[in-house]
Amino acid sequence: MFSKEVYQERRSRLSQMVESGIVVLFGNNESPCNYPNNAYYPFRQDSSFLYYFGLRRDGLVGVIDIDQQQETLVGDDIDIEDIVWYGSVDSVSDMAAQSGVAHTAPMKQLKTIIDEARRTKRTIHFLPPYRHDNKIQLMDLLGLHPSEQKAAASVRLIKAIVAMRQVKEPREIAEIEKACAIGYQMHTHAMRLTRPGLTEKYIGGQVDGMAHSLGEHESFATIFTQHGEIMHGNPSYNVLESGRLALCDAGAENAENYCSDNTRTFPVNGKFTQRQLDIYSIVEACHDYALQVARPGVRWLDVHMDVCRLMTDKLKELGLMKGDTEDAVRAGAHAMFLPHGLGHMMGLDVHDMEGLGQNYVGFDDETQPSTQFGTNALRCGKRLQEGFVMTDEPGIYFIPALIDDWRAQGLHKDFLNYDLIETYKDFGGIRIEDDILITKDGCRFLGQQLIPYHPKDVEAFMAQ
């Protein structure tokens, strides 16, 4: 937790941006795994509540009365039975003091606060809820059915929070660097362990253990698979085979819940084949090219499209694509190989703030999301600003079902060499991902140590 002055200043700025009404920020409650007393561990607080209050206990709600200039932390103190099982914890008033909040109230009083605001026709600002218990509480407070709550959420509040959270403070960048340090240990541990005969599940479990040992937990469900063509290929009990590629996409949350997110693809036996190197070198070039062109004032959409053009040029050199590059990219033919976006924002969420609405987070009046396959998966397209944290994650995938589907439809046959593509159906996929900070003049890697990704470095590291 940062100093209370940090949270006071953030809430003050938020109030100025929202201007009037009451802001209600719901923290999270414990989430049962398979019965009430067996909750998912460790507890994860809502990111916006964390940003403005910094408190990690469950069952809290923050109320900011902008007009009355009054802040209230709402929650109940734990009872003696909870203390017996979980030990003593800070009281709600103690937590309020830690966050610089002057007033507290028990949870039953929240409805009184909301009812009074509704009686006087004041605007009640809330974010789109994503947990069902908070949806039910919001329905009890405002009479809004859960199906209506996303549309009724405060756009003014969403835009204010996005504007604040998207530009990372120096203290936040320092925390992300700490998460990246854990990510380095996770990925290099996987590279050291990987060899034929072990299972994906074993390596994935070791990666997760590193995240839990050095930080809070992983920042998303770890992807470790020999089937890199599956975007979210969670570890299976399949045995690792010599000659195959392993794709590891994993990240950590540090003690302050800031995230890292990296991907590495490496040979199970420690040595790339020439065929693998042909594809890997294209992804490597695209990854590095993004670092050259990303800077303040440039649209992330344009960085993405520049990478797509470079990828298309190089796939043409291998004979996998053909025709005019501009026409091919404009038509979306490249999405056969890259069906996702170049990257996303990252911070307190690994896909930062996406729960607030993609159009508000990654896009704006100037740049709207695409509806074209592949480009429609780009999470962010708007102009970069100094202080943005982005992931740079190009990839090339050979997805048998997608190849069959497009070929049957005759899609992009002027740009795709289907006969040659057929011979890559057993290839899998390659992705290289790093976290970057947009700086005054360009961008830089986040993390003091860079996870090996150049082919010779990967082979040398795995040979140790």
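The values are calculated or read from the model by the stated rules, or taken from the named source; none is laboratory data. Note that the structure is predicted; figures quoted are calculated from it, not measured. Note that we place each Cβ from the backbone using ideal geometry, even for glycine, and neighbour counts take in every protein chain shown. Keep in mind that these areas ignore ligands, DNA and RNA; they rest on the heavy atoms of the full protein, side chains included. Shrake-Rupley method; radii C 1.70, N 1.55, O 1.52, S 1.80 Å.
Quick notes
- When DSSP beta bridges are restricted to pairs lying wholly in region 41-145, around 60% turn out antiparallel.
- Ellipsoid fit via the Cα gyration tensor, region 216-309: semi-axes of 26, 22, 10 Å, each the root of five times an eigenvalue, largest first.
- One way to sum up the overall shape of region 283-338 is the equivalent ellipsoid from its Cα gyration tensor, whose semi-axes run 21, 13, 8 Å, largest first.
- Rounded accessible area of K159 (nearest 10 Å², 1.4 Å probe): 120 Å²
- Solvent-accessible area assigned to carbon and sulfur over the chain amounts to 49 percent, based on a 1.4 Å probe.
- With all protein chains kept in place, the per residue accessible area of region 124-282 amounts to 39 square angstrom at a probe of 1.4 angstrom.
- Approximate spin-label separation S31-S93, in nm, with each point projected 7 Å along Cα-to-Cβ: 3.4 nm
- Cα-derived Rg to Rh of region 322-464, Kirkwood definition: 1.02
- Taking only the Cα atoms of region 120-175, the ratio Rg/Rh comes out at 1.11, with Rh defined as the Kirkwood radius.
- Principal-axis tilt of helix 400-409 within the chain, Cα atoms, nearest 10 degrees: 80 degrees
- Extension gain, Q109 to A331: 0.36 nm times the residue separation minus the Cα-Cα distance gives 74.2 nm.
- Surface per residue (accessible, 1.4 Å probe) for region 19-62, Å²: 41 Å²
- Each residue of region 77-85 was assigned a 3J(HN,Hα) from its phi angle through the Karplus curve 6.51 cos²θ - 1.76 cosθ + 1.60 (θ = phi - 60°); the sequence is 5, 6, 9, 5, 5, 5, 4, 4, 8 Hz, with glycine and proline shown as x.
- Here is the list for region 326-435: GluC sites (Glu not before Pro) lying in DSSP coil, each with at most 14 other C-beta atoms within 10 angstrom of its C-beta, are E366.
- The 3J(HN,Hα) values that the Karplus relation (6.51, -1.76, 1.60; θ = phi - 60°) gives for region 111-123 are, in residue order, 5, 4, 5, 5, 4, 5, 5, 5, 4, 8, 6, 8, 6 Hz. Gly and Pro appear as x.
- Backbone N under 16 Å from the K456 label point (7 Å along Cα→Cβ), restricted to region 284-303: 285
- Accessible area per residue in Å² at 1.4 Å probe, computed on region 407-464: 51 Å²
- Flagged links, alpha-carbon separation over 22 Å, of K322/K382; K4/K382; K168/K382; K4/K108: K322/K382; K4/K382; K4/K108
- Alpha-carbon centroid distance for the pair region 399-459 / region 344-387, whole angstrom: 20 Å
- Value of D in µm² per second that Stokes-Einstein yields for the chain, Kirkwood Rh from Cα pairs, at 20 °C (1.002 mPa s): 90 µm²/s
- Directionally averaged projected area (region 1-101, Cα convex hull): 6.8 nm².
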